[in-house]
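Student: I have a structure I would like to understand better, so I am pasting it below and will then ask my questions one at a time.
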Amino acid sequence: MVVCSIGLFPCVGQAFGVSPAVVEINDLLSESSAEATIYISRTNPSTTDTVTVTVSGTGAAAVVLSDTTITLPQGEVSVPFTFSIQPVDLVAGAYTVAMTFLYQQADATVVTSAMGVQSGIEASIQFSVTNDQITNLSVSGIEITQADTALPHLKYVLTNTGNTAAGPTSLSLQYTDNQAKTIVTVMVPAGI
């Protein structure tokens, strides 16, 4: 689950931020990995600027950065930054990692906060590691539309929310009318 939020940091003549400011990934198996993306945005894309990324906190060794320097090209307001969590040597438990983004303007001036305490903006990476294999599927995005035929069309999204490879082996649908009378029952193999 990704909790959506945004953090903004005012820079000289510029504001930059990261979204989401909190990334939450639950129930990772120690031999698995998960990937997430944070977007770095700025208000004024008139120059090419750079952002330096560092991580700290318990579990920081499990966060694998695609790069430690991000280039925000001239004309681009927002760029994605992808990283992965690979908790190979971590014991089961909850971890919080601070991912710090230090903004550097094109004139090579490092911008720090007015308080002088924090250099840049921070995203919180929260994840948990478990030894338990969790098989869980959820259904969302259900849409029922009437077609030219007597039966409606059903569309849905089936998402694996567990930490193991899982999927349905078959699908059973039952259409019941408003008098609780079963009109049709269909069972099909998964993937059809």
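The values are calculated or read from the model by the stated rules, or taken from the named source; none is laboratory data. All of these numbers come straight from a predicted model, not from anything done at the bench. Cβ placement follows ideal geometry from the backbone for every residue including glycine, while neighbour counts extend to all protein chains displayed.
Student: Is it the case that Val88 is under 30 Å from Thr164 (Cβ atoms) and either modelled with pLDDT of 95 or more or assigned by TED's automatic domain parsing to the domain that holds Leu158 (or both)?
Tutor: It is false that Val88 is under 30 Å from Thr164 (Cβ atoms) and either modelled with pLDDT of 95 or more or assigned by TED's automatic domain parsing to the domain that holds Leu158 (or both).
Student: When you check Val51 against the structure, is it in contact (Cβ under 8 Å) with a residue 60 or more places away in the chain, touching a helix residue (DSSP H, G or I) at 6+ places or on another chain (Cβ under 9 Å) and in the same structural domain as Ile121 (by TED's automatic domain parsing), yes or no?
Tutor: No, not satisfied.
Student: Another one. Inside the range 145-192, can you point out the residues that are surrounded by fewer than 10 Cβ atoms within 10 Å (Cβ to Cβ), at pLDDT 75 or above and β-branched (Val, Ile, Thr)?
Tutor: Answer for the range 145-192, where residues must be surrounded by fewer than 10 Cβ atoms within 10 Å (Cβ to Cβ), at pLDDT 75 or above and β-branched (Val, Ile, Thr): just Thr145.
Student: Something else about it: Exactly one condition in (1) modelled with pLDDT under 90; (2) part of a strand (DSSP E or B) is false for Val23; which is it?
Tutor: Among (1) modelled with pLDDT under 90; (2) part of a strand (DSSP E or B), the lone unmet condition for Val23 is (1).
Student: If I ask for residues that are surrounded by 14 or more Cβ atoms within 10 Å (Cβ to Cβ) and in a strand (DSSP E or B), which ones from the range 46-77 would you list?
Tutor: Hits for the range 46-77 are Asp49, Thr50, Val51, Thr52, Val53, Thr54, Val55, Val63, Leu65, Ile70, Leu72.
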